[in-house]
Each structure stands twice: as structure tokens, then as C-alpha cells.
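The values are calculated or read from the model by the stated rules, or taken from the named source; none is laboratory data. Bear in mind the structure is a predicted one, so any value in this text is a computation, not a measurement. Note: ideal-geometry Cβ built from the backbone for every residue, glycine included; neighbour counts use all protein chains shown. For accessibility, only protein heavy atoms count, side chains too; no ligands or nucleic acids. Shrake-Rupley method; radii C 1.70, N 1.55, O 1.52, S 1.80 Å.
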Amino acid sequence: EELEAMEKDEEILEFIQVMGRSALPTVEQLQEVAMQQQKQALDFKAAGNINMAKVSLLDSKRSKAQAERLAFIFQRLDNVEENGNTNQVAFSSQDLEALIEGKSIQKENPVPAKAKTQAPPPDPWLSKPSAEIKQEVLRLKNEKQVKEATRLLQIFKQVLQKEKQQEEAEKCRKLAEGLSKRLETCVAQIRLWQYYTWFCDAGNMQEGQLSSQQAQEQYTRWTDYARKCQQAIHSIQKNGSASVTISSAKQGGDHDGSNGALLVLKGEESDKEGDDVVVSMVERMMNSSSHSGDGSGLLEVAVLGIFKMHENEKLQKVLSKQKDDESKGICPNLRIECKVNLPLQNADPQNDQSHQHEQSPSAAHLFFYPTVSQRQGSTFQYIFGPSSQHSRQKLLVPRDDSKQSKTILRRMETKSVQLSVYYTTQASPMQQQGKDNPKSSISSWLFGASHETPKEPAKPDGDSSVLLGKVSVDMRHLLSRNCVAGDYPLELSSHEKPVGGSIRLGLCIRPCLDLERYEGCREKNPQQSWSTKNNSPLNSTTQPVSPQPPLDDRQCQLSDQNI
């Protein structure tokens, strides 16, 4: 460290001339220290302590550098002594005091510093295109200037390789950018087809309308296509543009998707500017669906999904307190409590009895549970099925001229629907049903409908619930539109930032509560209620899709699949 503090060699020479060589370590001692430090680095690396291994290796290099420096200084000092000490300077007591105080000693004949050698300027041919260099090489060859032609040929190869690398990088960038746009469209279509699957009225199928099963097939195809796009992007980034083959789309085909085509759901020209395509599409399907007309409306609350719960701050705190063997490979149980701040009754008495909803004079309480929960590494996947009573429920809304009906319409101006997501140690009804009857089928849009109505178990005294976040939706929107739909981020309060995770929600009411204030879609012709096309450009944008498993080293082939 003292040697490193003396940055100039002249300072060490002055120190030796005053204190003698014995005041400094020998070259052999410094080399031995360097070897010991190098051995320590190897020992730390073998023990798995990489940080200490790096420190010891750095110390070894510093000791070697000082040993070489000291050897050079000693040799220089020997040369001075052999030449009769012609360059040796006599030191006075004032010089010794200045050296002790850290001041430099001025020499009468200082050794001139070596002039720094400047690097030669770069060859101007390196900045020229390879085509121009090639022409110059051919010209020099024809003029028999072999030496210069050979030199330029080497430069030509360097420039050509650099141009190929730049061309490949630009090609990969364009391919990845194009695939990212397709991926954005996939995410938008996956969301649209999920809402279509949930809210198309299977009991009123008309010509031109796709069935729930056909819509589910489109949802699956778009999900698979999104996965292929992600794999292709990963392959391009890892293995280059040649690792992916993109085939052109075939035009034409049936509009029901029976030929394996991907159908694109789009908005109508009659939609207002800025309208959400999901809201308009669900409204059209609500208007074309059947209704009992018994003097009551139906308010449906549907939970289509919960996403990115692995980013939820509250859930991460809960899981961090658990032991690894308790939480490893297990997907946390979630419960969604919905509070509709209106005095409404459940539309299905049997469903109301099985769920044991908590009703109050001023609000209706509903409970929702995932149909299927599974864990993929550090991420959680919660699936809600359209045929499950734990995913969607309906409430009766009076539509007569009674005082109660008018009061409800007036209160909707200021009331809201609140959904709170809880972590719970209690098993969900679907999990409890599987324990009680392992052979029973699960009511899910992925696994078919159940023949038995699962009952919600009573909350045990030891149940521990933690609020992970909540969502509040104003009911006044249902006075001018038939549907409120979208992905809502979870918050602890309306004034705080999101805590991570979101809930996909659908609030639908039919028929329209107030025709004078209604601003939504009024079409009832199913041919005009939606648009499915198989040759539309992919240019929509939406939220990013959930991550997929990494791609292997095999070549990835991607096709437009007759979009």
C-alpha cells in the first residue's frame, strides 16, 4: 500500500537514497506474497466464496505489479551506481524533513519523462462501404500493385463482416418488432374471445352467431398462437433470424373457424369513438339474448380471472412468513367477496341457499372462488369457468313502478360494487368437493360442467384471511350502458397506488334500466352484433401476456395459421 501511494518512481528512488534499500521489501518477498494471495483465491473459489476469491486475486495482481516495478527501480539504481553516481543527488537535512512531511524534493537535474507515443490514425478505408473497397482492390490488382491490394483485401473482409453483423441485427430487430405486434394482437383477441365465450347466449343461437364451443376453440387457438410468437421472439434473440421461419397467411376460408383459421373480433362502425370493444360486444349480445319479462331485471356479476398475483405485495409478505416446505409447489387459496350496495335478492333461490349469502337491508353479498388454481414456478394461475356458480351470479333488479324500484334507480347514482380479494387458509368449495368426492367433475369451461351443485363449506374458526386488494366500480355506469367490463388493478384504497395483481370483471344488466339515458348499442340483429374476419391486419394493442416457458434449442417454425 505504501508503494502504491508513491505513484512516481522518482519518489521511491528518493526514499531509497534517504532510508536505504532495507526499508523496502525485496522483489522475492513481494513475489512470494503474490503467490500466497493467488493460492488464497483458489481456496476461496473451491469453498464457493466467489467474492473473497475475486478480492484475493486482485490483491495478487497488485503485488505482482509492485514486484515488477520495484525490480525495475532496483535495476535503474544499480546502473546509476555503476556509472559513478553521476545522477545521484545529495540530500540535505531540509530535504529529509520535507520528505518526512510528504513534500517532494526538487532535483537540479530531473530525469526527463518519456514522451507518450501517439496511436496511428485509423485507416480511412475502414469507414467506407465494402463495395467501394472491393472496386479499389480490383483496380490495384489490375495495376499489379499486389502489396496494396492485399492490404485492402484484409480491410474489405473486416468491413464486410461488420456489415453482415449490422444487417443481421437489423433483421432480428424487425422480426422481433413484427412478432411483438402480433403478440399484442393475440392478447387483445384472447381477452375478446374470453368475454364472447362467457356472454354469448347459447339458448338463442341465430344464423351468423358462433356458439360458445366455437368461441372457446378460437380462445385456445389464439392462446397457442401467442405462445408461438413468444417462443419465436426468444429464439431470434438467442439463435438469430435463421432460427425462425414465418410463412405467409392464406387468404379466404370459412367465417366460423371450422377450417382452423384464427378469427378476428372487431368493433362496429356504429360504435362511438373511444368505446371499449368488449363493452360494445357484450352489450350487443345482451340485447340479442332472451329475457323472462316477469317485471324484474337481472344484474349479473362475473369474475373472469385474476392475474399477476405473484406481483401482489401483500401476498408476497404472507408467503415470505411461511416455511419453504409449506408453500413450495402450492398455489395460494383466494376468495373474492363482492358487496353490491343495493338491497337486491339472488335470482336463483337454490343457488342462494347453497352459498348462504349474507344479505342485509342495504346490500347484497356474494362470494367467488377460482375453478382451478395451479402454480407454475413463481407465478400463479387462477381459472374461472363460465359455467361455474362460483364465477358468476345474478341478482334480481325490480323493474315495475313501485317505490322500491324507483329508490334503487335513484341510489345507483351514488352506489358502487366492491370486490375484495382475500388470501385464505380455507379450502375453496371446488377443492372441498374434490376431497369429499374425488370422482366428481369440476364445473369449468376447460373441463366440462359438473352434475352436482357444490356447496360452500362453513368458515372454520381457525380460518386466517388477509386482504390482498380491492376494486370499486360505480353503478351509475349501468344507467347509460348495459355492461361494465375490463381489467381492474387491485388497490388497498382509492387514494393509494396499486399493490399488484388485477381482476377481470364483467357487470351486466338486462334489460336496460332507463331507455332515456341509455347510450349503448341497440342492435338486435345477430348478423350486426359482431364482426369476425379472417384476413384482418394485426394492429391492436393491449396489456402484455403472461410469461411462457423458455424455448429449447430446436428450430422454431411459426405460421400465420390462415389468419
- Solvent exposure, largest accessible area first (probe 1.4 Å, DNA, RNA and ligands not counted), of Trp193, Trp125: Trp125, Trp193
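When the solvent-accessible surface of protein heavy atoms is calculated with a 1.4 angstrom probe, in what order do Phe156, Phe307, Phe384 fall, highest first?
On the way: Phe156 40, Phe307 70, Phe384 0 Å².
The residues order as Phe307, Phe156, Phe384, largest area first.
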- Task: Could you pull the accessible area for Cys172 with a 1.4 Å probe, rounded to 10 Å²?
- Result: 20 Å²
- Item | Flagged links, alpha-carbon separation over 29 Å, of Lys174/Lys228; Lys157/Lys181; Lys266/Lys308; Lys266/Lys406; Lys228/Lys314 | Lys157/Lys181; Lys266/Lys406; Lys228/Lys314
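Leaving ligands and nucleic acids out of the surface, order Val55, Val340, Val187, Val466 by accessible area at 1.4 Å, largest first.
Details: Val55 75, Val340 0, Val187 25, Val466 45 Å².
Descending order: Val55, Val466, Val187, Val340.
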- Note on the structure: Mean accessible area per residue over the stretch 119-196 (1.4 angstrom probe, all protein chains present, square angstrom) is 66 Å²
- Task: Provide the solvent-accessible area of Arg69, counting protein heavy atoms only and rolling a 1.4 Å probe, rounded to the nearest 10 Å².
- Result: 40 Å²
- At Leu515 and Glu11, where each label point lies 7 Å from the Cα along Cα→Cβ, what is the point-to-point distance in nanometres? 9.5 nm
